[in-house]
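Undergrad: Once you've had a glance at the structure underneath, I'll fire off some questions.
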Amino acid sequence: MWEFDEEFRDQLESERVIAIDMEIATLFAVGYAKAIPTGALMLVSDLPLKRGGIKTKESGQSVLTAYADQHLDLGIEVLTRMKHRAAPSLRTEW
């Protein structure tokens, strides 16, 4: 497991990596392969590479309570702007 591989963790730290996410990476890979425009808005709730940064039930709920509404509003605003900006250039039929 990568969490216990000191050499790998040192490499991540030297590259200033703060998060690892495989699910969204998969989404982007499929979007790329199928030529589908893809985006993601992530709410980071833990930093496992930092001491004490692993999410607990309480810390996860705290982040969700503090930021979920703002995060959702931001996501809707971005999608609305993208829709108006991209509409004239979209020609694909689904």
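Undergrad: Out of the residues in the range 56-71 meeting the condition of being β-branched (Val, Ile, Thr) and at pLDDT below 90, tell me which one is nearest to Leu41 (Cα to Cα).
TA: Applying the filter and picking the extreme gives Val63.
Undergrad: Can you name the residue in the range 1-32 that is over 29 Å from Glu77 (Cβ atoms) and not charged (D, E, K, R) and is also nearest to the chain's Cα centre (by Cα) among such residues?
TA: Filtering first and then ranking leaves Leu12.
Undergrad: Those residues that are free of Cβ contacts under 8 Å to residues at least 12 places away in the same chain and either surrounded by 10 or more Cβ atoms within 10 Å (Cβ to Cβ) or of a type in the set (Phe, Trp, Tyr) (or both), I need them from the range 1-36; list them, please.
TA: Phe4, Asp5, Phe8, Asp10, Gln11, Ala25, Thr26, Ala29, Val30, Gly31, Tyr32, Ile36
Undergrad: Using the structure shown, decide if Arg51 is at pLDDT 85 or above and over 11 Å from the mean Cα position of the chain (by Cα).
TA: no
Undergrad: Just one of Val30, Val44 is in a loop (DSSP other than H, G, I, E, B), of a type in the set (Val, Ile, Thr) and at pLDDT 80 or above; which is it?
TA: Every option except Val44 fails the conditions.
The values are calculated or read from the model by the stated rules, or taken from the named source; none is laboratory data. Here the structure is a predicted model, which means the values were calculated and not measured. Every residue, glycine as well, gets a Cβ built from its backbone with ideal geometry; the counts of neighbours run over all protein chains shown.
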